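Peer 1: Mind looking over this structure? Questions follow.
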């Protein structure tokens, strides 16, 4: 067993192991420290002996013992026994049960804690990526384009706040659930987005993050059945993720939607996504943003090819989205859909008008969308400039290479 | 846990209240205070005289320096506080959201430090 393989197991198991440990020892920091010690023990032992049959159970059990040791040392150090540590010690004597439902509940508790509204949005995402998804602090820092030191500080402060401010480690009660759920979904979607198109680095996608986001949404859908926003988000992610195999070549080069081999799309996942979109749209209430985006993804999934996609309906659905949850991304996607209905010139007008209003300031995909429209209009010189700007704006290598190919096609 | 719920409001808006407005506000606070006394969360709570009555004290080089008024000029001023017992931050947020001043001012929640 190589250390790379062991690292992968740590990544996969951190969230669930930590979630269970926090319940067992009753303290976020203690659980995290103990898990780190268990990782160190595993790095030491696993390469030499046989891999445990259930690595997560092994990690939880070793970490639990480490935590008990620490609590015992603390108690011996101080004379009085604070009630909390005493309770934690008692709880920790219980052997963790390998009951699926209990583990799912642990995970949900951890998610709702990390996504507590008393944290700023970026702190919620950072905490979720670090603890639920098991990214290293360095990886979270890269996702946020900040230094590792600054991210470590931010995470330490957040975990301090959990403890000192008494942020509950539980799933909120029914009445507060709707509002809290919205925040959780936003975080899950951000995690998915990072998995779908990474912010930076060598790989276009991080399928593990996308899978983790889908898994979390499935959990929520099971726990809170009949919620349009959950079904909508799950459908949206399933339909996007279903295209994964078609989205890049074996060499890691980007294949755009118009050139994708649709036979590579995951049909089973599409079927599930389509069913969920139907369910989400049939539930009563006003149009809901995730469900509408999923409906757009469904139109792509159903289309036989790029040209024969129902672009008119897609443009219409983006107009609905612009009313209920306007954003720069939606504006750009709307313009791209309009370019397929009314042509690239009309789309370019839309984007330029928006840009003039300052609505797209600093949005990194803007030059890429403009470049594509200019290229289709045959305005090669302007297209070249836009591709160069797009290339400068991204930190993702496969995107840079895509722009380089486009530049080569345009000629000098 | 214990939390200090600090109520901030605009004093200039407060001074504009007429008698009926003041009576309504006083009744609202009375009802809220009674509700958290009855639910067993109340530890202490008071309204404060306006910032025009405040004195700020600093000791520099062993000398007591006093200045008239609050330390900093802000849009909202501390108007009162509650000290409450709450099971966790969610319970404290729920209580804070029912304080009449939360509707036009803001309530800052701070966990009270525990000395071991």
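The values are calculated or read from the model by the stated rules, or taken from the named source; none is laboratory data. All figures in this text were calculated on a predicted structure; none of them were measured in a lab. Because the Cβ atoms are built from the backbone with ideal geometry, glycine has one as well, and the counts that use them run over all protein chains shown.
Peer 1: Restricting attention to region B:31-58, report how many residues are over 14 Å from the mean Cα position of the chain (by Cα) and either assigned to a helix (DSSP H, G or I) or loosely packed, with under 11 Cβ neighbours inside 10 Å (or both).
Peer 2: Residues meeting the conditions: 12.
Peer 1: Taking helices (runs of 4 or more DSSP H) that do not extend beyond region A:347-412, which have at least 1 residues that are farther than 28 Å from residue A:312 by Cα? Give the derivation first.
Peer 2: Values: elements: A:366-376, A:380-393, A:397-410.
Qualifying helices (runs of 4 or more DSSP H): A:380-393, A:397-410.
Here's the yes/no breakdown for (1) modelled with pLDDT of 90 or more; (2) out of contact with any helix residue (DSSP H, G or I) (no Cβ under 9 Å at 6 or more places or on another chain); (3) within 25 Å of residue A:155 (Cβ to Cβ); (4) assigned to a helix (DSSP H, G or I):
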residue	(1), (2), (3), (4)
A:50	no, yes, no, no
A:59	yes, no, yes, yes
A:71	no, no, yes, yes
A:80	no, yes, no, no
A:101	no, yes, no, yes
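Peer 1: Failed condition for residue B:53, given (1) closer than 18 Å to residue B:7 by Cα; (2) within 14 Å of chain A (Cβ to nearest Cβ); (3) out of contact with any strand residue (DSSP E or B) (no Cβ under 9 Å at 6 or more places or on another chain), with all others met?
Peer 2: All conditions pass for residue B:53, except number (2).
Peer 1: Name the residue that is farthest from residue A:118 (Cα to Cα), counting only residues in region B:86-103 that are in contact with a helix residue (DSSP H, G or I) (Cβ under 7 Å, 6 or more places away or on another chain) and more than 14 Å from chain A (Cβ to nearest Cβ).
Peer 2: Within region B:86-103, the match that is farthest from residue A:118 (Cα to Cα) is B:100.
Peer 1: Look at residue A:332 and say whether it is surrounded by 15 or more Cβ atoms within 10 Å (Cβ to Cβ) and either over 30 Å from the mean Cα position of the chain (by Cα) or not in a helix (DSSP H, G or I) (or both).
Peer 2: no
Peer 1: Restricting the first residue to region A:111-138 and requiring it to be away from chain B (no Cβ under 14 Å) and over 14 Å from residue A:157 (Cα atoms), which pairs with a second residue that is modelled with pLDDT under 90 and not in a helix (DSSP H, G or I) meet a Cβ separation below 7 Å and a spacing of at least six or different chains?
Peer 2: Once the first residue is away from chain B (no Cβ under 14 Å) and over 14 Å from residue A:157 (Cα atoms) and sits in region A:111-138, its partners that are modelled with pLDDT under 90 and not in a helix (DSSP H, G or I) give A:129/A:135.
Peer 1: So if I check each of A:190, A:179, A:185, A:155, which one is crowded, with 21+ Cβ neighbours inside 10 Å, out of contact with any strand residue (DSSP E or B) (no Cβ under 9 Å at 6 or more places or on another chain) and part of a helix (DSSP H, G or I)? Steps first, answer last, please.
Peer 2: Details: A:190 fails: crowded, with 21+ Cβ neighbours inside 10 Å; A:179 fails: crowded, with 21+ Cβ neighbours inside 10 Å; A:155 fails: crowded, with 21+ Cβ neighbours inside 10 Å.
Matching residue, one of A:190, A:179, A:185, A:155: A:185.
Peer 1: On the basis of being surrounded by 12 or more Cβ atoms within 10 Å (Cβ to Cβ) and out of contact with any helix residue (DSSP H, G or I) (no Cβ under 8 Å at 6 or more places or on another chain), does residue B:4 make the cut?
Peer 2: It is true that residue B:4 is surrounded by 12 or more Cβ atoms within 10 Å (Cβ to Cβ) and out of contact with any helix residue (DSSP H, G or I) (no Cβ under 8 Å at 6 or more places or on another chain).
Peer 1: On the given criteria, is residue B:109 away from every other protein chain (no Cβ under 14 Å), modelled with pLDDT of 95 or more and in contact with a helix residue (DSSP H, G or I) (Cβ under 8 Å, 6 or more places away or on another chain)?
Peer 2: In short, no.
Peer 1: Residues of region B:59-111 being in contact (Cβ under 8 Å) with a residue 24 or more places away in the chain, in a loop (DSSP other than H, G, I, E, B) and surrounded by 14 or more Cβ atoms within 10 Å (Cβ to Cβ), which ones?
Peer 2: B:76, B:86, B:88, B:99, B:105
Peer 1: Of everything in region A:163-179 that's touching a residue at least 12 places away in the same chain (Cβ under 8 Å) and more than 9 Å from chain B (Cβ to nearest Cβ), which residue is nearest to residue A:113 (Cα to Cα)?
Peer 2: Out of the qualifying residues, it is A:171.
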